[in-house]
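In what follows, a structure is listed as structure tokens, so that the remarks can point back to it.
The values are calculated or read from the model by the stated rules, or taken from the named source; none is laboratory data. These figures come from a predicted structure and were not determined experimentally. Cβ coordinates were reconstructed from backbone atoms using ideal geometry, including for glycine residues, and neighbour counts include every protein chain displayed. Accessible surface areas use protein heavy atoms only, side chains included; no ligands, DNA or RNA. Shrake-Rupley method; radii C 1.70, N 1.55, O 1.52, S 1.80 Å.
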Amino acid sequence: VGPLAERLRVWIDRRFFREAVQAENVLAEIAQPLRSLTEPAEVLRNVADRVSAALHITETKAWLATDGPSPAWLATSPGDAMVMPLTGSAGLLGALYLGPKRSQEPYSPTEERLLGSVGHQAALAMENAALTRAVADEAAQRERIQRELEIAKMVQARLLPKQDPEIHGVAVAGVCRPAQSIGGDSYDYIFAGDSHVLFTIADVAGK
């Protein structure tokens with residue numbers, strides 16, 4: 001009965017848990033959709049969901065290095081479960097805890113190799129997502145600075161005289177053209193009584 005039961009258990013596991021969902025193919029294709037994700041947490045969650053669905057895992061846990069200290073399960077031997085660290089060029093980025101499978105079968109060497117490959121792809125995707133986010137934040141910051149410079153340019157232009165004074169016997173013209181978005185130069189005309197006009201020219205060192 002023992003050998004027959006073992007053969008039956010292996011057949012059921014292969015029939016309903018591996019061949020039915022084609023776990024190897026599913027795991028091999030997990031890396032494809034990761035390229036479009038822009039958040040490391042989203043990458044980790046996507047990998048956990050797909051691996052869990054492919055292998056019919058009862059429980060998964062995810063941890064990001066940016067979330068704080070590593071959890072206790074990262075340093076333990078989980079028995080029938082498996083811990084999948086995600087290591088990038090800068091070190092440990094996160095980890096996944098994969099609980100026992102519903103089939104109660106241990107993870108096979110083939111599955112462990114596939115999960116190692118998936119972990120490598122996930123780590124690359126997480127690094128790319130973090131880089132994409134950093135580039136987007138930098139672009140947004142540059143856009144904010146540019147908007148502020150445009151406002152400063154408008155304010156500076158309004159501080160200059162709207163028109164040149166009309167003085168009998170003298171032709172007066174003034175213009176200020178900053179070399180960059182804004183400048184540190186200014187000029188003005190100040191009428192002091194009926195017969196005096198003051199001309200001011202200013203330069204702010206270092207803006």
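Among residues of segment 114-142 that are in contact (Cβ under 8 Å) with a residue 12 or more places away in the chain, those with a beta-carbon under 6 Å from a residue that is charged (D, E, K, R) and not in a helix (DSSP H, G or I) at least six positions away or on a different chain give the pairs Ala129/Glu39. The residue list Ala130, Ala136 contains one member that is in contact with a helix residue (DSSP H, G or I) (Cβ under 7 Å, 6 or more places away or on another chain), surrounded by 11 or more Cβ atoms within 10 Å (Cβ to Cβ) and within 30 Å of Trp63 (Cα to Cα), which is Ala130. Restricted to segment 1-86, the set of helices (runs of 4 or more DSSP H) holding at least 3 residues that are modelled with pLDDT under 75 comprises 2-13, 23-28, 31-34. Which ones in segment 92-110 are small (Gly, Ala, Ser) and at pLDDT 85 or above? Hits for segment 92-110 are Gly94, Ala95, Gly99. For segment 88-107, name all the residues that are within 17 Å of the chain's Cα centre (by Cα) and open to solvent by 50 Å² or more (accessible area, probe 1.4 Å). Within segment 88-107, Ser89, Ala90, Leu92 meet the criteria.
Considering Gly193, Gly206, Gly169, the condition of being out of contact with any Lys or Arg (no Cβ under 6 Å at 6 or more places or on another chain), at pLDDT 85 or above, open to solvent by 50 Å² or more (accessible area, probe 1.4 Å) and on the phi > 0 side of the Ramachandran plot is satisfied by Gly169 alone. Here Glu111 fits the description: within 26 Å of Ala41 (Cα to Cα), in contact (Cβ under 8 Å) with a residue 60 or more places away in the chain and touching a helix residue (DSSP H, G or I) at 6+ places or on another chain (Cβ under 8 Å). Ile151 satisfies every condition listed in (1) assigned to a loop (DSSP other than H, G, I, E, B); (2) open to solvent by 90 Å² or more (accessible area, probe 1.4 Å); (3) of a type in the set (Val, Ile, Thr) except (1).
Can you give me the number of residues within segment 102-153 that are in contact with an Asp or Glu (Cβ under 8 Å, 6 or more places away or on another chain) and among the basic types (Lys, Arg)? Residues flagged as in contact with an Asp or Glu (Cβ under 8 Å, 6 or more places away or on another chain) and among the basic types (Lys, Arg) within segment 102-153 amount to 1.
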